[in-house]
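Structure first, commentary second.
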Amino acid sequence: MMRRISLSLTRHRSPVTTMSTILMMTMVLVSVNASLPEVADKLDCVGGACPSASPTLDGPGCGLWLGPSPIKQAEDHGFGLGVFTGTPIPKGATVETEILIPIHDSLLHNENHHPPLREYVWNGENMPEVVMESQRGSFLFMSGLAAIAPCTSKNYNLELRGRGDGVNAARHNVVSDSGDVHRATSPMAGAFSYRHNVSYTAVRDIVVGEELTVQCSDDDYDGGSYVLSKFEPNDSAVVCIDSNVRVAPLELGGQGLFAKHVLHKGSVITSTPVVPMDRKELVLEKDTSKDVTRQQLLLNYCYGHPDSDLLLLPYGPMVNYINHPPQGKSANAIIRWHQVSDKNSNDVLPRRQQHHHPELFQESAKTVAKTHGKGLMMDIVALRKISPDEEIYIDYGKDFEEAYKAHIAQWQPTEKDKLYRSAEHYTRTHDVSTIRTTREQQTNPYPENLATACFWDEDDPDDQATDAVYSWSDDEEIDECLRPCVILDRYVHEETGEEMYMAKMMPMDNTEVSSFCYLQEPEIVSDVPRRAIRIIDRPYTTDTFMKNTFRHEIGVPEGFYPDEWMRKKLRGNSQDDSPDFGVEFKRKTA
């Protein structure tokens with residue numbers, strides 16, 4: 001399903017800001033530039049077949065597990081994995097932080113177009129500041145719990161953390177921060193997500209073994225209490241994802257994934273499921289009036305092969321923190337396909353709980369990209385002995401590095417770039433406790449790429465004449481119906497003494513706006529408090545849309561993709577009449 005959130009949300013990755021580590025600013029896990037036999041040699045395997053190595057458990061215990069989801073099986077809800085806690089989680093505790101990656105002007109808008117990716121994204125309307133960055137609607141991708149855990153409106157045990165209503169507070173505690181990266185000085189501006197700190201809060205005490213469920217408004221089954229029956233480290237159907245690694249800040253800025261204890265050569269560091277997609281899913285819908293990039297930021301978090309149209313997007317917890325080695329260092333980890341033992345093969349699991357389907361290696365890229373109800377999973381494996389507190393690195397590949405070098409060679413900022421200030425940067429570096437009126441902006445304007453927006457969701461505007469002045473009420477939700485507004489006046493309320501604003505609320509030109517947020521005509525609203533007003537980026541002006549921003553998938557080694565996934569296998573066969581497997585696994589859409 002395309003997930004909808006009724007109240008709150010949150011996730012994390014900060015930028016790296018120096019040229020020596022610039023390749024660490026983006027992306028997810030990738031593979032070393034080696035064939036399968038070469039990888040096997042490094043792991044002391046024979047013929048590319050490695051023994052099923054489990055996470056080394058000579059260090060701290062397991063806090064989070066991936067395993068077949070009994071909720072998804074019992075409730076006919078999605079398919080594959082769930083996340084289980086290996087330690088008690090007290091009420092109010094914060095769980096997991098991840099990044100948030102917006103998907104703008106996407107083919108996902110088409111209700112008749114339902115690729116697997118749509119099962120792992122959330123409606124953008126729940127973060128209207130993101131939606132208003134474009135005009136054709138937005139979706140949100142967040143790896144980890146947001147993508148894996150079942151969601152429900154009843155008896156969930158986690159809700160997205162916090163609600164940021166303050167002047168400089170980030171919405172739902174999702175932090176938007178580009179660090180020291182600016183489009184006039186950094187060639188990596190717009191090449192990684194600036195939004196992070198997506199995290200969850202336990203709404204009650206969660207017991208060991210319980211499956212984690214997150215709040216959403218789409219599904220109404222009773223989350224109840226489902227328990228994973230066993231924690232057996234050698235059970236390939238159950239994978240620990242945090243006993244070996246932790247996320248920590250880097251000395252030069254940003255975040256990385258670090259070893260908690262000694263990791264031995266050939267051991268599984270962590271594992272992640274992946275969602276396959278066609279490259280066309282990551283192309284912005286064409287609009288010749290906009291001079292912007294046509295490739296989604298999400299491309300930088302996928303990896304693939306130049307001769308294949310199939311991309312793979314990892315969505316497991318923490319995997320987005322695995323960096324490319326900086327100059328002077330080399331990769332100490334690689335990826336490989338997850339190994340499922342005969343004892344715990346898919347044959348003994350109900351189909352809805354199956355999470356790794358090697359039979360997809362025999363299908364074409366087009367078939368894999370539209371197959372529901374089947375998934376793939378990868379392991380990150382140590383290439384050598386890794387010491388405690390050592391950072392985990394995976395090589396991003398030769399094609400990626402060459403593309404980056406070419407980008408650096410042609411990158412040239414403009415004079416206009418030097419004047420650019422994002423809404424996030426502007427509100428962080430300027431006093432915005434008072435918003436300027438239109439008259440004040442005539443002599444002291446905001447930067448041309450910024451605009452004002454107000455929360456306003458008048459329930460029944462038809463009850464008053466079109467020339468009426470509405471009054472903002474404290475009952476208004478500072479959650480939804482954020483719309484462009486013009487600040488007409490500022491004054492002190494006679495009764496409360498609070499500084500208030502009169503604003504003209506404007507209709508929204510955006511396909512993702514909820515129907516109850518639409519206005520036919522502008523409306524004048526009085527008594528608007530400062531907390532209901534935002535300074536936002538005008539559509540298509542953020543770094544994400546820059547035409548010269550860096551876009552490239554992470555490379556996989558030759559031999560990692562099967563021949564069936566290569567583009568040459570599809571020549572002369574423009575028609576693809578293969579069945580859309582797993583239709584019953586498509587979840588409800590908005």
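The values are calculated or read from the model by the stated rules, or taken from the named source; none is laboratory data. Everything numeric here is computed off the predicted structure, so don't read it as measured data. Heads up, the Cβs are rebuilt from the backbone with ideal geometry, glycines too, and the neighbour counts pull from every protein chain shown. Side chains are part of the model used for accessible areas, which takes the heavy atoms of the whole protein and leaves out ligands, DNA and RNA. Shrake-Rupley method; radii C 1.70, N 1.55, O 1.52, S 1.80 Å.
What's the total number of residues in segment 346-396 that are open to solvent by less than 50 Å² (accessible area, probe 1.4 Å), over 19 Å from ILE334 (Cα atoms) and among the aliphatic types (A, V, I, L, M)?
Qualifying residue count, segment 346-396: 5.
Test each condition in (1) surrounded by 19 or more Cβ atoms within 10 Å (Cβ to Cβ); (2) over 26 Å from LYS280 (Cβ atoms); (3) polar (S, T, N, Q); (4) at pLDDT 75 or above for THR21 and report the one that comes out false.
It fails just one condition, (4).
Being assigned to a helix (DSSP H, G or I) and surrounded by 21 or more Cβ atoms within 10 Å (Cβ to Cβ) is the filter here; which residues of segment 397-425 pass it?
PHE400, ALA423, GLU424
Tell me yes or no: at least one residue of segment 511-527 is among the hydrophobic types (A, V, I, L, M, F, W, C) and modelled with pLDDT of 85 or more.
Yes.
Given ASP474, ASP479, which one is on the phi < 0 side of the Ramachandran plot, of a type outside the set (Ser, Thr, Tyr), modelled with pLDDT under 90 and surrounded by fewer than 17 Cβ atoms within 10 Å (Cβ to Cβ)?
Selected residue: ASP474, the only one of ASP474, ASP479 that is on the phi < 0 side of the Ramachandran plot, of a type outside the set (Ser, Thr, Tyr), modelled with pLDDT under 90 and surrounded by fewer than 17 Cβ atoms within 10 Å (Cβ to Cβ).
Is it true that some residue in segment 531-546 is at pLDDT below 90 and outside any strand (DSSP E or B)?
Scanning segment 531-546, I find no residue that is at pLDDT below 90 and outside any strand (DSSP E or B), so the answer is no.
Applying the selection to segment 192-248, what residues are modelled with pLDDT under 70, among the aliphatic types (A, V, I, L, M) and in a loop (DSSP other than H, G, I, E, B)?
Hit for segment 192-248 is LEU228, nothing else.
Yes or no, residue by residue, for (1) outside any strand (DSSP E or B); (2) among the β-branched types (Val, Ile, Thr); (3) open to solvent by less than 20 Å² (accessible area, probe 1.4 Å); (4) at positive phi:
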residue: LYS91; (1), (2), (3), (4): yes, no, no, no
residue: GLU96; (1), (2), (3), (4): no, no, no, yes
residue: ILE101; (1), (2), (3), (4): no, yes, yes, no
residue: HIS114; (1), (2), (3), (4): yes, no, no, no
residue: ARG118; (1), (2), (3), (4): yes, no, yes, no
residue: GLU129; (1), (2), (3), (4): yes, no, no, no
residue: PHE139; (1), (2), (3), (4): no, no, yes, no
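Would you call PRO445 surrounded by fewer than 17 Cβ atoms within 10 Å (Cβ to Cβ), at pLDDT below 90 and not in a strand (DSSP E or B)?
Answer is no for this residue.
Residues in segment 103-112 that are on the phi < 0 side of the Ramachandran plot and open to solvent by less than 10 Å² (accessible area, probe 1.4 Å): how many?
Summing the residues that are on the phi < 0 side of the Ramachandran plot and open to solvent by less than 10 Å² (accessible area, probe 1.4 Å) in segment 103-112 gives 4.
Working only within segment 131-146, note down all residues that are within 30 Å of ASP509 (Cβ to Cβ) and not acidic (Asp, Glu).
VAL131, MET132, SER134, GLN135, ARG136, GLY137, SER138, PHE139, LEU140, PHE141, MET142, ALA146
Collect the residues in segment 336-345 that are modelled with pLDDT under 90 and either among the hydroxyl-bearing types (Ser, Thr, Tyr) or open to solvent by less than 30 Å² (accessible area, probe 1.4 Å) (or both), keeping them in residue-number order.
Across segment 336-345, the qualifying residues are HIS338, SER341, ASN344, SER345.
Please enumerate the residues belonging to segment 361-385 that are part of a loop (DSSP other than H, G, I, E, B) and closer than 11 Å to PRO116 by Cα.
LYS370, THR371, HIS372, GLY373, LYS374, GLY375
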